[in-house]
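The values are calculated or read from the model by the stated rules, or taken from the named source; none is laboratory data. Just so it is clear, the model here is predicted, and its values are computed rather than measured. Cβ atoms come from the backbone with ideal geometry, glycine included; neighbour counts cover every protein chain shown.
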Amino acid sequence: MYDYSDDPEFPPESIYPLDWDFETSPQTWRLYSRAKREQWDEDRVDWAKLEEIASGLERKQRLGVAYWWCVLATFDNAAPVFGYAMVKSHERHIPTAYRSFISTITFDENRHCMVCGRASHCMFKGFPRGFKPQDDLERKAARNVLWTWYNGARYWNAYKEAYNKYTFDVLLTSFMMGEAAATTIFSEMGDGAKIPQFKQVFRQISLDETRHYAFTHVLLQDNLPKMDESRKKMVTKQIRAGFIFLSLIMYRPPKDFWRLPHDYEEVHFKMEDLARDAGLGVPTLEEKEKAWRDAVLRVGAAVSKYGVKFPEIPELGISGEEVERVSEDDVIPVF
Ligand SMILES: [Fe+2]
Ligand SMILES: [Fe+2]
């Protein structure tokens, strides 16, 4: 029976009652406005022209480019990730500005994933699941993509579980590493790409990622000063987890977390070489190492301002706090 003489009691984790708070986090509100102003449309990229350019490339080069976009899509398939975060942000009644901005990231990330798909289709329709490999390398290229996606599936399960394990502030600060990686890779590739359509999309995506990265800075400012030591420790661990997850595309896959065939890396680098020759703008291993180290150090500088210790990153020769081995349940960071 309901007692209508009183206000209703709302169930826990409900998206009601509604609240609109236009005061909290003015910086996020500004980013939200910027997100709406800076929208762009991937339909306006000249995909027909890209197909024409593709027809002038060798088969292996086309495959190399399609391969790279498919691997990237493991990280840029982030619309469900932020869509899920958006649902949770409503259920947990986090500030309206955050919720609103997360809705724009969801839309942005869908666009990024569409770009991955369209670019890959223009280069090699049917790759990786509906094409006939002509040799061992081609077969292994498709296998590589599918195993990368398999790890994406493991990540997805861990990600959903993470909402039951971590507080929202820790989860949100975890996004920083992914956004730092994304701004780095896309601005680098925007400079390096020789094919105009790729240059264009890298620059556009980079604009979105800069906004996402700026949001993670606001989150740090808003949330880290209030965090106790144990939560700060979790942030340190999440930075390490972010490094591990994103290293596959940013540098080379580390031993932790990733489950990949023994010759994955060999095939990966061969396909990247082909993509680079075709004009995609993939950085060399040395360039990647430098860019990734710079990005990691930037995140380190940002969090250390608030007393968060930076994890040790032996892969890049960066010393710091020792973190226990990162397992598959620990990985949260996204693009
Ligand atoms: Fe993205
Ligand atoms: Fe992003």
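If I go through region 192-238 residue by residue, how many of them are more than 16 Å from ligand 1 (Cβ to nearest atom), among the basic types (Lys, Arg) and in a helix (DSSP H, G or I)? It would help to see each step written out before you state the result.
Residues of region 192-238 more than 16 Å from ligand 1 (Cβ to nearest atom): 192-197, 199, 217-238.
With among the basic types (Lys, Arg) added as a condition, the list becomes 194, 199, 226, 231-233, 237.
Of the ones still in play, those that are also in a helix (DSSP H, G or I) are 199, 226, 231-233, 237.
The qualifying residues number 6.
Quick test for you: out of Lys165, Lys194, pick the one residue that is under 19 Å from Met123 (Cα atoms), in contact (Cβ under 8 Å) with a residue 40 or more places away in the chain and over 12 Å from the mean Cα position of the chain (by Cα).
Details: Lys165 fails: under 19 Å from Met123 (Cα atoms).
Testing whether each residue is under 19 Å from Met123 (Cα atoms), in contact (Cβ under 8 Å) with a residue 40 or more places away in the chain and over 12 Å from the mean Cα position of the chain (by Cα) leaves just Lys194.
Name the single residue, out of those in region 15-36 being of a type in the set (Phe, Trp, Tyr) and assigned to a loop (DSSP other than H, G, I, E, B), that is surrounded by the fewest Cβ atoms within 10 Å (Cβ to Cβ).
The selected residue is Trp20.
Only one of (1) within 21 Å of the chain's Cα centre (by Cα); (2) surrounded by 14 or more Cβ atoms within 10 Å (Cβ to Cβ); (3) not hydroxyl-bearing (Ser, Thr, Tyr) fails for Glu287. Which number is that?
The number of the failed condition is (2).
Within the bounds of region 203-213, is there any residue that is of a type in the set (Asp, Glu), more than 17 Å from Lys288 (Cα to Cα), surrounded by fewer than 22 Cβ atoms within 10 Å (Cβ to Cβ) and out of contact with any Gly (no Cβ under 8 Å at 6 or more places or on another chain)?
Going residue by residue through region 203-213, those that are of a type in the set (Asp, Glu) are 208-209.
From what is left, the residues that are more than 17 Å from Lys288 (Cα to Cα) are 208-209.
Adding the requirement that they be surrounded by fewer than 22 Cβ atoms within 10 Å (Cβ to Cβ) leaves none.
Checked region 203-213: no residue is of a type in the set (Asp, Glu), more than 17 Å from Lys288 (Cα to Cα), surrounded by fewer than 22 Cβ atoms within 10 Å (Cβ to Cβ) and out of contact with any Gly (no Cβ under 8 Å at 6 or more places or on another chain).
Can you tell me which of Ala301, Ala278 is surrounded by 16 or more Cβ atoms within 10 Å (Cβ to Cβ), over 27 Å from Trp156 (Cβ atoms) and among the hydrophobic types (A, V, I, L, M, F, W, C)? I'd like the intermediate steps shown before the answer.
Working: Ala301 fails: surrounded by 16 or more Cβ atoms within 10 Å (Cβ to Cβ).
Matching residue, one of Ala301, Ala278: Ala278.
So, of the residues in region 227-264 that are acidic (Asp, Glu) and at pLDDT 90 or above, which turns out to be nearest to the chain's Cα centre (by Cα)?
Here is the first cut: in region 227-264, the residues acidic (Asp, Glu) are 228-229, 256, 263.
Filter once more, keeping what is at pLDDT 90 or above: 228-229, 263.
Numbers: Asp228: 27, Glu229: 27, Asp263: 25 Å.
Checked region 227-264; the qualifying residue nearest to the chain's Cα centre (by Cα) is Asp263.
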